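So the structure is just underneath, and the comments pick up after that.
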Amino acid sequence: MVRLTEKQGRSATEQMALLEELKDAATRLGFEVREERLLREVGYRVRSGSCRVRDKHVILLDRGLPVGAQIDILVDELAGRSLEDLYLSPAARSLLEGAAASQANSSVAPAADASSQAAQ
């Protein structure tokens, strides 16, 4: 799947600024954002994303991933959350709203398919 960050062809500087803005937004929403080298061993697969460590909500970002992939992970984790109280640049808000709409459409589609099959 081609992500929004790849389609828009942002410069490296713009991507870094967007990544920092999304990390800041995540922090303001109560997440601890940690950038670490996520090691892969035989028998298990580690990937970036959110988890809960004791009472903290943590988003782990693999330092080895390209900046665009880190942006996509943050967008996926923050999409659908209440962002009205946060100032975000138009670019960041557009990415988050687009991802939230995409997530809403993908969660509604299976229910719509099931109801149309039940009607037959």
Condition set in contact with a strand residue (DSSP E or B) (Cβ under 6 Å, 6 or more places away or on another chain) and under 21 Å from Asp72 (Cβ atoms), scope region 37-59, selection surrounded by the most Cβ atoms within 10 Å (Cβ to Cβ): answer is Ile59
Any pair with Cβ under 6 angstrom, 6 or more apart, that starts in region 39-64 at a residue that is polar (S, T, N, Q) and ends at one that is surrounded by 14 or more Cβ atoms within 10 Å (Cβ to Cβ) and at pLDDT 80 or above: Ser48/Leu60; Ser48/Leu61; Ser48/Asp62; Ser48/Ile73; Ser50/Ile59; Ser50/Glu77
Does Gln15 satisfy the criteria of being modelled with pLDDT under 90 and assigned to a helix (DSSP H, G or I)? no
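The values are calculated or read from the model by the stated rules, or taken from the named source; none is laboratory data. Because the structure is predicted, anything quoted here is derived from the model rather than measured. No Cβ is skipped: glycine too gets one built from the backbone with ideal geometry, and neighbour counts run over all protein chains shown.
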